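To start, the structure under review is shown below, and the notes come after it.
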Amino acid sequence: METDTRTQFAMAAMDFATIFNTYFTESVHGGFKVQLTAPEGISTGGGVQSVQHITLVNESAGTTMVVGSVNRIMNSTELRNFETVAQMFEQRFQGKSFPMDRAQFDDLHNKFVNFFSSQSFQVSDAKPPAPRPTAPKGTTLKEAPKASATAQPAAVAEPTSGSGVWIAVAVGVALAVLGTVYILFLK
């Protein structure tokens, strides 16, 4: 008999991906199938590497687009909007237009919001990724002139605190201990 050596967090992430993928199994929009990635390894580093990606997979064209991310530890989901996904598609596939129209994408986006809200996830809009550097036509990035000394550095996002999660975990553990003490000694 084969035993699964995945950690608790990796198993939970796989189970959630199975639920999501089953829910969206019949969902094909603009030739794309919806899929939530599952952890590839046996561990997510205690949940540190637990972010899963919501993807649109077009198997016939061999394309995959990430349209959101899920963090089960923080119970949060970030979803990209139509403009961001369409722009990323055009950049990635040399100017080809994103094959899903806005109405189809917005319908799918609403289904994502409803699904994750029903699972008690906080749903937010993902910030667009920073634009990729481009070289002048006819050159490569290595040949392109260096940025000027007056260029402004990109803004750095402040890290968010995870203290709210730790407080919730501490309260849950304290309640479990108190419940156990009550059942064992006071009944």
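Taking the conditions exactly as written (at pLDDT below 90 and surrounded by fewer than 18 Cβ atoms within 10 Å (Cβ to Cβ)), does Q49 satisfy them or not? Considered against the rule, which asks whether it is at pLDDT below 90 and surrounded by fewer than 18 Cβ atoms within 10 Å (Cβ to Cβ), Q49 comes out as yes. If you go through the range 58-69 one residue at a time, do you hit one that is over 13 Å from the mean Cα position of the chain (by Cα), charged (D, E, K, R) and closer than 14 Å to F32 by Cα? Yes, that holds for at least one residue. The set of residues in the range 52-90 that are at pLDDT below 90, part of a loop (DSSP other than H, G, I, E, B) and either of a type in the set (S, T, N, Q) or within 18 Å of G31 (Cα to Cα) (or both) comprises E59, S60, A61, G62, N75. Which of the residues that make up the range 73-90 are over 14 Å from H109 (Cα atoms) and either touching a helix residue (DSSP H, G or I) at 6+ places or on another chain (Cβ under 6 Å) or of a type in the set (A, V, I, L, M) (or both)? The answer is I73, M74, M88. Per this entry, F93 is not counted among residues that are modelled with pLDDT of 70 or more, touching a helix residue (DSSP H, G or I) at 6+ places or on another chain (Cβ under 9 Å) and under 28 Å from V66 (Cβ atoms). Summed over the range 97-133, the residues that are part of a loop (DSSP other than H, G, I, E, B) and exposed (fewer than 12 other Cβ atoms within 10 Å of the Cβ) give a count of 7.
The values are calculated or read from the model by the stated rules, or taken from the named source; none is laboratory data. Since the model is a prediction, treat every value here as computed from it, not as a measurement. A quick note on method: Cβ atoms are made from the backbone with ideal geometry, for glycine too, and the neighbour counts reach across all protein chains shown.
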